[in-house]
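Some notes on the structure that comes next.
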Amino acid sequence: MSESSPVRLLLPTMLPLLRVLLIAVLRGAYQGEYLPPPVLLPEYDFIIVGGGTAGCVLASRLSEVASWRVLLLEAGGAPPPESLVPGLSRVFYFPSESNWNFRLHPQRYALRSYTNRSSPVPQGRVLGGSSTINGMLYVRGNRRDYDYWASMGLPGWDYQSVLPFFKKAESYRGTLRGDTENYHGREGPLPVTPDPGNHGVTSVFLKAGQHLGFPVIDPSGPEQIGFSRTEYTIKNGERWHTARAYLAPVTNRINLHVVTGATVLKVIMNGEKRAVGVKFLYHGKVKKVSARREVLLSAGALSSPKLLMLSGIGHRLHLQEHGVKVVTDLPGVGQNLQDHMCLYGLSWNLPRLSENNILGAIDPAMLSNYVHHRSGTYATPLGDFAHGWARVHGYEDQNWPDVQLFMISSGLAQEGLLAASALGLDTRTYLQQYGPLLGRPGMTIMPYLMRPKSRGSITLSSGNPLHPMVIDPNYLSHPDDVETLVNGIKLAVAVGNTPPMAVTLKAELYTQPLEACSDTEFGSDAYWRCFVLHMATTFYHFAGTCKMGPDADPFSVLDHNLKVRGVSGLRVVDASVMPVVVSGNPMAAIIMIAEKAAHLLKHEWGATD
């Protein structure tokens, strides 16, 4: 047992008691169990593997065609009641039955201050997937992301082509947005609610951006360079994941079967290289079910390539190494892994706590306020949050950001050993660096790497479907990623030095050098490079491992219609299809991809949208 295990087990131990309370107070909101069908049919028109962010969208949209029988298989269970409470979102950083509890392969270049140069990787193992356990941030990315996809030879994926699917999904609950109103949807199933904007730290952060020349923007508008309040998938103080928004309203459809606790082992391929069904583990027994039209993999950027490889689709030599019979040699499967690497540890001291703080969560009055009015501390993620997008490295399009600054009105020091444990930080390093700040109010600005150049991989650890895959993002293998994060740090420090931050908020940068970097001058480029190598880690935004690409790209896994190359009857619909990860939190883009995929399927199979 690791030295941080007692800390990591603390919250999961408390959850059963917490659930008793939640089920009592959330009677009107908690959807209860998503019941499996009384009889599993031998054949369906479509089998969707993975009831996550994308899979729930697909199941809802495809089952709109009454003549189609749709099966959704999810390894996890129904969303737990605590997932409905935005203020409890951080409990999902810790091990639970709603989490796959993956870990990163030890990194060669990065994560030097993390135990075994690794980190936990929370990914949703639950209906709704990671939309059920994430921070609920709604960000679409930049229009240039999608135009770039189209320029790579992917027709139909340019910004103007995908915008209608963003709007179709969204039920924007903010006020009219003037010039950007036409970029929003008002009638979709997914509520998107802007932060109410009454938090002092957020307001000061936006003014700091304006002081540096950055406009306050609508993050879903046509341009993204600028600073912004957060927008959440929250409605009336409760989380809305895709299981709740898309699946729960349609579970009474007789043509839709949802089976939880079903771990898919492989896709069944016939002698003509066509996907004809799946094999899955359910209640300890291996079952098979057939697909009359198509199998759709929506298991996520980590698990979808694993399932392809277990089904005989991948690099021939890698499959043979693990005793998997080769169906088609597709070397790009599992390659091109990307992530928005995040830099933790930049800290500013503040003279007082923000109003929406973590300590306020233990105030009985706050709990009562949430129970009776769905307002207060628990109605949003704990803390004040805001974003800033900027271009800080290189001479390409200056309106295409390469960093996202994420401001949080707390930090590693304020959140203590629980935060350090959740991230996998070495305990000694954490206490040596941040021990002096424990108990003091503060904040952080975290630069994210929006457009990483480093590429990693997903590979099999064995031919056993129940063994975990090897997740190796190969962080910071490209030197430009280090320099971009260094410049992101400089921008964050510049924000902290503006009069709104330094004078109005009285924010003071914590300047104790990290011990491993103390042989360089604090604040120098050399120091920040060292800091990046030690403190940057995953932000769980994995993408690209089954990328779309043109026929001429030998490492493309899918065509522009999301069909797996070299076989038939099989598509992938999740973050793995992105050839290049989008410039923002990917949940909104994943939902868009699923909406577009459902439209493609209906069109190709002769149904109306």
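What residue, among those in segment 536-554 that are more than 18 Å from residue 54 (Cβ to Cβ) and within 24 Å of the chain's Cα centre (by Cα), is surrounded by the fewest Cβ atoms within 10 Å (Cβ to Cβ)?
If we take residues in segment 536-554 being more than 18 Å from residue 54 (Cβ to Cβ) and within 24 Å of the chain's Cα centre (by Cα), then 539 is surrounded by the fewest Cβ atoms within 10 Å (Cβ to Cβ).
Given the options 141, 153, name the one that is modelled with pLDDT of 95 or more, surrounded by fewer than 18 Cβ atoms within 10 Å (Cβ to Cβ), assigned to a loop (DSSP other than H, G, I, E, B) and on the phi > 0 side of the Ramachandran plot.
Details: 141 fails: surrounded by fewer than 18 Cβ atoms within 10 Å (Cβ to Cβ).
One residue alone meets the criteria, 153.
Given the condition closer than 24 Å to residue 167 by Cα, surrounded by fewer than 22 Cβ atoms within 10 Å (Cβ to Cβ) and touching a helix residue (DSSP H, G or I) at 6+ places or on another chain (Cβ under 7 Å), answer yes or no: does some residue in segment 572-581 qualify?
Among the residues of segment 572-581, at least one is closer than 24 Å to residue 167 by Cα, surrounded by fewer than 22 Cβ atoms within 10 Å (Cβ to Cβ) and touching a helix residue (DSSP H, G or I) at 6+ places or on another chain (Cβ under 7 Å), which makes the answer yes.
Table: residues versus (1) within 26 Å of the chain's Cα centre (by Cα); (2) surrounded by fewer than 18 Cβ atoms within 10 Å (Cβ to Cβ); (3) assigned by TED's automatic domain parsing to the domain that holds residue 549.
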| position | (1), (2), (3) |
| --- | --- |
| 306 | yes, no, yes |
| 332 | yes, no, yes |
| 346 | yes, no, no |
| 394 | no, yes, no |
| 402 | yes, no, no |
| 407 | yes, no, no |
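Look at residue 253 and say whether it is crowded, with 24+ Cβ neighbours inside 10 Å and charged (D, E, K, R).
It is false that residue 253 is crowded, with 24+ Cβ neighbours inside 10 Å and charged (D, E, K, R).
Do you know which residues across segment 197-216 are over 18 Å from residue 491 (Cα atoms), touching a residue at least 60 places away in the same chain (Cβ under 8 Å) and not in a helix (DSSP H, G or I)?
Of everything in segment 197-216, just one residue is over 18 Å from residue 491 (Cα atoms), touching a residue at least 60 places away in the same chain (Cβ under 8 Å) and not in a helix (DSSP H, G or I), namely 199.
With the checklist (1) farther than 24 Å from residue 72 by Cβ; (2) touching a Pro at 6+ places or on another chain (Cβ under 9 Å); (3) part of a loop (DSSP other than H, G, I, E, B) in hand, flag the one item residue 546 doesn't pass.
The number of the failed condition is (1).
If you take the residues of segment 156-179 that are of a type in the set (S, T, N, Q) and at pLDDT 95 or above, which of them is surrounded by the fewest Cβ atoms within 10 Å (Cβ to Cβ)?
160
Among the numbered criteria (1) in a strand (DSSP E or B); (2) under 30 Å from residue 81 (Cα atoms), which one does residue 249 miss?
(1)
Return the pairs, sorted by first residue and then second, in which the second residue is among the polar types (S, T, N, Q), the first residue lies in segment 156-185 and is touching a residue at least 12 places away in the same chain (Cβ under 8 Å), the beta carbons are less than 6 Å apart, and the residues are 6+ apart or on different chains.
Qualifying pairs under 6 Å: 173/193; 183/220.
Among the numbered criteria (1) farther than 30 Å from residue 376 by Cβ; (2) of a type outside the set (Val, Ile, Thr); (3) assigned to a helix (DSSP H, G or I), which one does residue 223 miss?
The number of the failed condition is (3).
Given the criterion outside the structural domain of residue 56 (by TED's automatic domain parsing), modelled with pLDDT of 95 or more and under 30 Å from residue 47 (Cα atoms), identify the matching residue among 212, 265, 256, 190.
After applying the criteria, what remains is 190.
Evaluate segment 450-473: report whether one residue or more is touching a strand residue (DSSP E or B) at 6+ places or on another chain (Cβ under 6 Å), of a type in the set (Lys, Arg), in contact (Cβ under 8 Å) with a residue 40 or more places away in the chain and not assigned by TED's automatic domain parsing to the domain that holds residue 311.
Yes, some residue in segment 450-473 is touching a strand residue (DSSP E or B) at 6+ places or on another chain (Cβ under 6 Å), of a type in the set (Lys, Arg), in contact (Cβ under 8 Å) with a residue 40 or more places away in the chain and not assigned by TED's automatic domain parsing to the domain that holds residue 311.
Tell me, which strands (runs of 3 or more DSSP E) wholly within segment 374-489 include 1 or more residues that are of a type in the set (D, E, K, R) and at pLDDT 90 or above?
The strands (runs of 3 or more DSSP E) meeting that bar are 470-472.
The values are calculated or read from the model by the stated rules, or taken from the named source; none is laboratory data. Remember, it's a predicted structure, so these values are computed and weren't measured experimentally. Note that each Cβ is placed from the backbone with ideal geometry, even for glycine, and that neighbours are counted across all protein chains shown.
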